[in-house]
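Engineer: Below is one structure. I have some questions about it.
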Amino acid sequence: MRRLFAATLMLAGAWSVAFAQTCPTGCDLITSGTQTFCRCLIYTTPDASDRVQMVTDKSVTIVDVDGDGQRDIPFGIWYYGRVGTYILRQTTVGIPGAFEEVKISDTTTYGLTPVSDINGDGYMDFVITTHSYSTYLLESPGALAAYSVTSIFSDPAASPNSVAASGDHIFFSDYSGAVARYDISSASLYRRLDTEMYCGDGVAYADFDRDGYLDVACSNHDGGASSSFNGIVVYPFNGIDFLTPEIITTDPYQGIIAYDFDRDSNPDIVAAGARLSIFYNEGTGWTEVVLDSDFSAYGAGWNRVNIMDVDCDGDMDVVASTACPTSDGVILAWYEHLDTTARTWARHPIEDSGNNCSGSAPYPYGVRVGLLDEYDSPQGRGDIVIVRNASNQIWAYYNVTPGTPLCELGQDDELDISERYSFAPDGPISLYTKDGRLLYRGAREGIPELSDGIYFIVTDRKVERLVVR
């Protein structure tokens, strides 16, 4: 594998904090590269011992949970304090919006991601990991209240960790080093644990080998699985089981996301560790392009990554956070995609304070992206939410860049963004709205008449984007 260092501009001089009328009292205006963010503290839990987690390797996870047109923030509290699964429900859109806490499960929650509206009741459903033995499916009762909790995996020797989901499919790693896939409709679990214990942390999915089936990439780092392996591997899936993994790198990484950054139809992997890198899938091998050679001070721990078209220029950018910054203190940054062909990027710090990993845990942990202050719209400027300052605080970074046109983020749905290939039209399909609500399940020819908007057709293999105008 080749390793290249991207022509990543380090624009420290373009990073400033000021106060302006676009931000209300108590919020700060932050200039980061070409973008301007309004930073607001939007939530502090009532118990200072709460350990808020927003661990996921799914892309857009700021979601409209209850269908009221206002996007909400799922989060978990793990191990300390008022453990459980929570929704920070947005009651009034604004900068900042007004939010209320709603608890939907008493189960200790480490990893948490939406899996769309699987029971068709109009509310988003979720999958969670506990980091101790179990993975659960949470289904809404038709209200934003206590969800039903169904175990889809439990093993005293395992500690399910990060989780991601696409339509019918759930993917998760665990600290025993295994990778797993669970298909909701068939209640089928596929799990593989190799002697090398490859999969202790991040998990991402895409059709990496383009054979029509979703494959799984997973990461491991120091302190992950109880093995000596560090790095990233890809497990091909042939529709029946996982095959022999391909080792992409033997350097430690934690949070990972799959996306075709260079638009060559081969899904790539962005990964956060001691450095931040994109592993470009060449079809016959992988090339590492380093976006940030000094991203985290604590090996590969406490780092997450996400993707979004931050500057609305039509290509995908990278957002990354760490609880353990290096010497410049940056805990949150976005990386501008300058040139798809040349694979060049520019680093833009957003936040340089509030987190550190000196002293005892828990550390602030997690990053989510999406449209937070737009009402019932697939268009807007993408916003960023992180756990910051203390383990019981959630901060929002609203993109208030002046003069920037509204952009179609493209990935603002609860299905998938990295599966872009056509698929066979035969077999039953499920039709979802852009916010993951089930509209129809059955034969393709039975799809009802649709109003203008963005929809997704899901089969047992693929996700197809459908635009009705």
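Engineer: Can you quote the Å³ per residue value for the convex hull of the Cα atoms in the stretch 235-295, rounded to an integer?
Structural biologist: Each residue corresponds to 96 Å³ of Cα convex hull volume.
Engineer: Quick check on packing: order 235-246, 88-99 by the mean number of other C-beta atoms within 10 Å, highest mean leading.
Structural biologist: Values: 235-246: 15.6, 88-99: 18.0.
Top of the packing list down: 88-99, 235-246.
Engineer: Any idea how far apart Glu449 and Asn238 come out in nm if each label point goes 7 Å out from Cα toward Cβ?
Structural biologist: According to this spin-label approximation, the distance is 4.8 nm.
Engineer: Any idea how far apart Thr195 and Asp294 come out in nm if each label point goes 7 Å out from Cα toward Cβ?
Structural biologist: Modelled inter-label distance: 4.1 nm.
Engineer: For the stretch 86-150, what number results from the quotient of the Cα radius of gyration and 2.2 N^0.38 Å?
Structural biologist: 1.18
Engineer: Hey, got the dipole for the stretch 142-201? About the Cα centre, +1 on K and R Cβ, -1 on D and E Cβ, debye to the nearest 20?
Structural biologist: About 140 debye.
Engineer: Also, quick follow-up: Under unit Cβ charges (Lys, Arg +1; Asp, Glu -1), what dipole magnitude, rounded to 20 debye, does the stretch 174-251 have relative to its Cα centre?
Structural biologist: Dipole magnitude for the stretch 174-251 comes out near 200 debye.
Engineer: Along the charge dipole of the stretch 175-226, which of Ser188, Ala204, His221 sits closest to the positive end, that is, farthest toward it, with unit charges on the beta carbon of Lys, Arg, Asp and Glu (+1, +1, -1, -1)?
Structural biologist: Checked the options; the winner is Ser188.
Engineer: Then there's this: Which FRET efficiency value, to the nearest 0.05, is calculated for Ser188 and Asp68 with the Förster distance at 25 angstrom and r the Cβ-Cβ distance?
Structural biologist: On the way: r = 34 Å, r/R0 = 1.36.
Taking R0 as 25 Å, the efficiency between Ser188 and Asp68 is 0.15.
Engineer: So, one more: What FRET efficiency do you get for Val468 and Arg210 if R0 is 22 Å and r is their Cβ-Cβ distance, rounded to the nearest 0.05? Mind dumping the intermediate values first?
Structural biologist: Values: r = 28 Å, r/R0 = 1.26.
E between Val468 and Arg210, to the nearest 0.05, is 0.20.
Engineer: Ordered by packing density, taken as the mean number of other Cβ atoms within 10 Å over each peptide's residues, highest first, how do 271-279, 149-157 rank? Don't jump to the answer; show the numbers that get you there.
Structural biologist: On the way: 271-279: 27.2, 149-157: 13.8.
The peptides rank, most packed first, as 271-279, 149-157.
Engineer: While we're on this one: So, in Å, what gap is there between the alpha-carbon centers of the stretch 96-167 and the stretch 274-328?
Structural biologist: 27
Engineer: Turning to a different aspect of this structure: Report the per residue volume, in Å³, of the convex hull enclosing the C-alpha atoms of the stretch 153-275.
Structural biologist: Expressed per residue, the convex hull around the Cα atoms of the stretch 153-275 is 97 Å³.
Engineer: If you don't mind, there's one more thing I want to ask. How big is D for the stretch 80-202, in µm² s⁻¹ as a whole number, if Stokes-Einstein is applied with the Kirkwood radius of its Cα pairs at 10 °C and 1.306 mPa s?
Structural biologist: 105
Engineer: Turning to a different aspect of this structure: Report the label-to-label distance for Ser49 and Asp313 in nanometres (one decimal), using points 7 Å from each Cα along the Cα→Cβ vector.
Structural biologist: 4.9
Engineer: While we're looking at this one, here's another question. Using amide H atoms built 1.01 Å from N in the peptide plane, name the residues 5+ places from Val367, or on other chains, whose amide H lies under 5 Å from its own.
Structural biologist: The list, which skips near neighbours in sequence, is Thr56.
Engineer: Using per-residue counts of other Cβ atoms within 10 Å, averaged over each peptide, order 444-452, 335-343, 187-195 from highest down.
Structural biologist: The densest-packed peptide leads the list: 335-343, 187-195, 444-452.
Engineer: Further, regarding this structure: For Val318, list long-range residues whose amide hydrogen, built 1.01 Å from N in the peptide plane, is under 5 Å from its own amide hydrogen.
Structural biologist: Met308, Tyr335, His337
Every number in this text was worked out from the coordinates using simple rules, so none of it is lab data. Just so we're clear, the structure is a prediction, and the values are computed from it rather than from any experiment. Cβ: placed from backbone, ideal geometry, glycine included. Neighbour counts: every protein chain shown.
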